[in-house]
Amino acid sequence: MKMHGLGNDFVVVDQRIVDAAVDADIARAIGDRHRGVGFDQLAVISEGADLHLTFYNSDGSTSGACGNATRCIARYEMDRTGRDALTITTERGTLQAVDAGAGKTSVNMGQPQLNWDEVPLASNMDTLELPIDGAPTATGMGNPHCTFFVEDAEAVDLATRGAEIENHPLFPQRTNVQFASLVGPDHLRMRVWERGVGITLASGTSSCATAVAAARRGLTGRTVRIDLDGGPIDVDWRDDGVWMTGATAHVFDGVWHG
């Protein structure tokens with residue numbers, strides 16, 4: 001299946017239905033937007049709890065979490081089974097998903113990882129303000145994130161800065177990069193550079209990390225709306241984890257011949 005959440009697009013392989021092996025080489029081949037299908041992430045569904053998810057980036061590397069893909073697949077499974085709540089396992093841990101009504105889906109992406117070794121960073125330091133020009137905040141959401149708060153997110157050279165920060169030596173596993181600006185009370189504008197992918201229209205875990213970072217820095221409360229290039233998403237940092245709610249879309253089904 002091809003799906004997207006706010007333009008953040010995915011290929012989804014349901015191994016419960018089709019016998020299809022997936023590895024890094026296959027992920028790169030399918031992810032090629034000129035010679036394959038193209039995606040920001042590839043998600044593989046297998047057995048586990050209600051279902052288990054494994055994620056690949058378009059460069060063939062793996063990712064421990066992918067929030068928008070999790071929401072999309074939760075919507076697919078709810079529509080397929082008629083259920084309104086699911087338990088999903090990932091490398092990130094066990095996640096809960098619920099039907100939020102009006103065609104939207106909510107997923108609890110778990111508690112943010114705020115200590116340096118959880119993100120992870122290369123050495124012991126305060127994650128609230130890193131010793132990088134712009135004093136960004138580091139957050140783990142099952143994958144590493146580096147969030148810059150700037151006057152105008154639109155004015156940032158995302159391609160140059162994103163690639164530079166993704167490979168910064170403070171992040172031994174590379175990092176996702178966000179540039180966010182405050183546009184109103186509990187309302188942010190955010191642009192995303194994804195590790196192993198590049199510029200994307202949206203990112204669920206990036207949205208969660210940015211909401212957490214904004215709340216930690218006193219810029220917003222713990223419930224925020226974030227405007228991404230692909231549209232708005234709502235994030236609520238609750239006692240039981242970081243919930244994100246938004247729309248999803250199923251684009252098409254296909255057969256991969258390899």
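The values are calculated or read from the model by the stated rules, or taken from the named source; none is laboratory data. Because the structure is predicted, anything quoted here is derived from the model rather than measured. Here the Cβ positions follow ideal geometry from the backbone for every residue, glycine too, while neighbour counts run over all protein chains shown. Areas reflect the complete protein model, heavy atoms only, side chains present, ligands, DNA and RNA absent. Shrake-Rupley method; radii C 1.70, N 1.55, O 1.52, S 1.80 Å.
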Which residue pairs have Cβ atoms closer than 8 Å, lie 6 or more positions apart in sequence or on different chains, and pair a first residue in region 74-92 that is among the aliphatic types (A, V, I, L, M) with a second residue that is open to solvent by less than 40 Å² (accessible area, probe 1.4 Å) and part of a helix (DSSP H, G or I)?
Leu86/Ala74; Leu86/Glu77; Leu86/Met78; Ile88/Thr70; Ile88/Ile73; Ile88/Ala74
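Working only within region 70-105, note down all residues that are in a strand (DSSP E or B) and either over 21 Å from Ile45 (Cα atoms) or open to solvent by 10 Å² or more (accessible area, probe 1.4 Å) (or both).
Ala85, Thr87, Thr89, Thr90, Gly93, Thr94, Gln96, Val98, Asp99, Ala100, Gly101, Lys104, listed by residue number.
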Residue selected from region 126-135 under the condition in contact (Cβ under 8 Å) with a residue 24 or more places away in the chain and open to solvent by less than 40 Å² (accessible area, probe 1.4 Å), by the criterion nearest to Val242 (Cα to Cα):
Leu130
Hey, does region 107-118 have a residue that's within 17 Å of Gly241 (Cα to Cα), charged (D, E, K, R), open to solvent by 60 Å² or more (accessible area, probe 1.4 Å) and in contact (Cβ under 8 Å) with a residue 12 or more places away in the chain?
yes
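Residue-by-condition table, conditions (1) of a type outside the set (Lys, Arg); (2) at pLDDT below 95:
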{"site": "His52", "(1), (2)": "yes, no"}
{"site": "Asn68", "(1), (2)": "yes, yes"}
{"site": "Arg92", "(1), (2)": "no, yes"}
{"site": "Ala97", "(1), (2)": "yes, no"}
{"site": "Thr105", "(1), (2)": "yes, no"}
{"site": "Leu114", "(1), (2)": "yes, no"}
{"site": "Glu118", "(1), (2)": "yes, no"}
{"site": "Leu121", "(1), (2)": "yes, no"}
{"site": "His168", "(1), (2)": "yes, no"}
Given the criteria open to solvent by less than 10 Å² (accessible area, probe 1.4 Å), closer than 19 Å to Gln111 by Cα, among the hydrophobic types (A, V, I, L, M, F, W, C) and assigned to a helix (DSSP H, G or I), does Ala138 qualify?
no
Just for region 191-245: of the residues that are of a type in the set (Val, Ile, Thr) and farther than 22 Å from Gly7 by Cα, which one is farthest from the chain's Cα centre (by Cα)?
Thr220
So which residues in region 5-33 are within 18 Å of Gly196 (Cβ to Cβ) and open to solvent by 40 Å² or more (accessible area, probe 1.4 Å)?
Asp23, Asp25, Ile26, Arg28, Ala29, Asp32, Arg33
Need at least 3 residues that are on the phi > 0 side of the Ramachandran plot per element, so show me which strands (runs of 3 or more DSSP E) inside region 161-252 make the cut, counting only ones lying wholly within it.
none
